[in-house]
Amino acid sequence: MAYENIRLDTEGAIAVLTIDRPKALNALNTQTFLEMESALLLLPSQVRVLIVTGGGDKAFVAGADIAEMATIGSAQAREFSALGHRVMHLLERLTIPTIAAVNGFALGGGCELALACDLIYASEKAKLGLPETGLGVIPGFGGTQRLARTVGKMRAKELIFTGERLDAAKAREIGLVLEVLPADQLLAHCKTVAGKLIKNGPMALSQAKRVIELGADQDLRTANELESQAFGVLFGSEDQKEGMKAFLEKRPAVFSGR
Ligand code: HXC
């Protein structure tokens with residue numbers, strides 16, 4: 001399928017989804033979201049890790065498209081927020097791990113997009129923040145919720161109330177990004193991490209992700225019950241049999257993802 005505002009490049013089991021509107025610093029407009037939705041729904045089955053990044057050398061994503069939002073009313077704003085949520089949920093619920101490679105500005109909707117990924121790595125020139133209150137609005141693609149869950153409620157309030165941009169080092173200090181890399185090494189680093197993940201059992205990664213995500217919204221006892229169920233489910237998989245057999249035979253496992 002031909003896309004205008006995104007690119008999907010697949011190398012074996014690793015795919016890179018690039019938000020690619022560098023003239024608008026990769027701002028998310030309706031068309032971009034629809035293209036992202038289509039790409040996520042049609043992700044080739046051999047893909048085991050998805051990396052999300054921004055096209056050009058300045059931005060990951062500089063936010064939702066302000067030009068598109070400037071003239072809309074309440075009903076359309078709600079729809080636009082709902083569309084963004086739909087795509088973020090789709091990303092978050094993929095059964096494979098996702099990695100945000102934040103290669104520049106990740107502001108507003110861009111920061112929210114990174115937060116919907118499982119792991120976030122940033123380049124030294126990344127700037128992250130939620131500046132929406134300066135535009136008279138609030139984050140609308142899950143930022144008020146996912147930022148608080150990632151860095152804690154009080155930090156989230158500070159960032160959203162002030163709208164301040166954090167540099168990569170500060171973002172790492174507060175746990176918003178995992179590691180900071182020189183710009184020219186960011187994507188390679190993300191691919192190295194992806195390479196480690198694809199050596200592990202796909203079924204196990206999928207269940208680990210599912211249980212961590214679902215469990216975060218439950219009390220500990222219920223969440224641990226989800227863990228036990230998933231642990232049991234994995235013992236019905238070929239991956240579990242192969243993983244343990246390979247260990248006993250002192251050889252690397254070859255997982256089928258079934
Ligand atoms: C539309 C954008 C944009 C955006 C940048 N551009 N961000 N267009 N929406 N979010 C466009 C600019 O208009 C400009 O177009 C071109 O990209 C280059 O941007 P400049 O501002 O000239 O670059 P620079 O001076 O380097 O400043 C970079 C920047 C600044 C600091 C990132 O662009 C900026 O502050 N952008 C907006 C960031 C923001 O407020 N994001 C949150 C949006 S609200 P032209 O045509 O002039 O070259 C949001 C809500 C999500 O995300 C929830 C919605 C439901």
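The values are calculated or read from the model by the stated rules, or taken from the named source; none is laboratory data. Values in this document were obtained by computation on a predicted structure and should not be read as measured data. As a convention, Cβ positions derive from the backbone with ideal geometry for all residues, glycine included, and neighbour counts pool all protein chains shown.
Might you let me know whether region 153-162 holds any residue that is hydrophobic (A, V, I, L, M, F, W, C) and free of Cβ contacts under 8 Å to residues at least 24 places away in the same chain? Yes, because at least one residue in region 153-162 is hydrophobic (A, V, I, L, M, F, W, C) and free of Cβ contacts under 8 Å to residues at least 24 places away in the same chain. Can you tell me which residues in region 190-207 are farther than 17 Å from residue 45 by Cα and within 16 Å of the chain's Cα centre (by Cα)? 190, 191, 193 - these are the residues of region 190-207 that are farther than 17 Å from residue 45 by Cα and within 16 Å of the chain's Cα centre (by Cα).
Contact map, region 95-113: residues that are touching a residue at least 12 places away in the same chain (Cβ under 8 Å) and within 17 Å of residue 49 (Cβ to Cβ) paired with residues that are near the ligand (Cβ under 7 Å from one of its atoms) and part of a loop (DSSP other than H, G, I, E, B), Cβ distance under 6 Å, separation 6+ or inter-chain. No pairs are found.
Elements of the type helices (runs of 4 or more DSSP H) sitting completely within region 142-233 and holding at least 3 residues that are of a type in the set (D, E, K, R): these cover 153-162, 168-173, 202-216. The number of residues in region 1-37 that are assigned to a helix (DSSP H, G or I) and either modelled with pLDDT under 95 or among the small types (Gly, Ala, Ser) (or both) comes to 1.
The set of residues from region 119-141 being among the small types (Gly, Ala, Ser) and either near the ligand (Cβ under 9 Å from one of its atoms) or modelled with pLDDT under 95 (or both) comprises 129, 134, 140.
Return only the number of the condition from (1) away from the ligand (no atom under 11 Å from the Cβ); (2) free of Cβ contacts under 8 Å to residues at least 24 places away in the same chain; (3) within 19 Å of the chain's Cα centre (by Cα) that residue 144 does not satisfy. Tallying (1) away from the ligand (no atom under 11 Å from the Cβ); (2) free of Cβ contacts under 8 Å to residues at least 24 places away in the same chain; (3) within 19 Å of the chain's Cα centre (by Cα), residue 144 fails exactly one: (1). Applying the selection to region 101-118, what residues are part of a loop (DSSP other than H, G, I, E, B) and within 8 Å of the ligand (Cβ to nearest atom)? The answer is 108, and nothing else. Contact map, region 59-70: first residue closer than 11 Å to residue 24 by Cα, second residue assigned to a strand (DSSP E or B) and within 6 Å of the ligand (Cβ to nearest atom), Cβ cut-off under 6 Å, separation 6 or more or different chains; pairs are 59/105; 62/105; 62/107; 63/107.
Here residue 71 does not fit the description of being among the β-branched types (Val, Ile, Thr) and not in a loop (DSSP other than H, G, I, E, B). Restricting attention to region 111-135, the residues that are within 18 Å of residue 84 (Cβ to Cβ) and in contact with a Cys (Cβ under 6 Å, 6 or more places away or on another chain) total 2.
Regarding region 95-107, can at least one residue be identified that is modelled with pLDDT under 95 and surrounded by fewer than 16 Cβ atoms within 10 Å (Cβ to Cβ)?
Checked against the condition, which is being modelled with pLDDT under 95 and surrounded by fewer than 16 Cβ atoms within 10 Å (Cβ to Cβ), region 95-107 yields no hits at all.
Taken together, the residues in region 119-141 that are among the aliphatic types (A, V, I, L, M) and in a loop (DSSP other than H, G, I, E, B) amount to 4. Please find, within region 73-88, the residue that is nearest to residue 40 (Cα to Cα) out of those that are in contact (Cβ under 8 Å) with a residue 12 or more places away in the chain and of a type outside the set (Phe, Trp, Tyr). If we take residues in region 73-88 being in contact (Cβ under 8 Å) with a residue 12 or more places away in the chain and of a type outside the set (Phe, Trp, Tyr), then 87 is nearest to residue 40 (Cα to Cα).
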